[in-house]
Amino acid sequence: MGFWLIIKNKNNFIIDLIAVKKNYQKLGYASQMLNFFIGTQKKKKFFILDSTQQANEQSVIFYKKNVFKLKFSKYSYHLKN
């Protein structure tokens, strides 16, 4: 149905990817997965970082809906071969 890739780095977690199968999108499963993860970490202080692209409107809406706030942004450039 779905999966996530979360990387732990010291006291930070980086949400590298959250994916839900197309048939199950827009039904709240990604939010449930995210809330489950946050719930397992309640006793710890940590930051959650995400590397979504600003142009990915669906992702930006998802994080805003789940009470994430944009603290900073940066550009990443990739070499084309």
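Values in this text are rule-based calculations from the coordinates and carry no lab data. Note that the structure is predicted; figures quoted are calculated from it, not measured. Positions of Cβ are backbone-derived with ideal geometry, glycine not excepted, and every protein chain shown enters the neighbour counts.
Output the pairs from Lys8/Lys80; Lys21/Lys80; Lys42/Lys69; Lys10/Lys42 with a Cα-Cα distance over 21 Å in this structure; if there are none, say none.
Values: Lys8/Lys80 29 Å; Lys21/Lys80 30 Å; Lys42/Lys69 18 Å; Lys10/Lys42 16 Å.
Long pairs (Cα-Cα over 21 Å): Lys8/Lys80; Lys21/Lys80.
Testing the spin-label approximation: label points 7 Å from Cα along Cα→Cβ at Lys21 and Glu57. State their distance in nm.
2.8 nm
Which residues' amide hydrogens lie under 5 Å from the amide hydrogen of Leu17, considering only partners 5 or more residues apart or on another chain, with H built in the peptide plane?
Amide H neighbours of Leu17, under 5 Å, 5+ apart: Leu5.
Under a plain spin-label model, where a point goes 7 Å from the Cα along Cα-to-Cβ, how far apart in nm are Lys8 and Lys80?
4.0 nm
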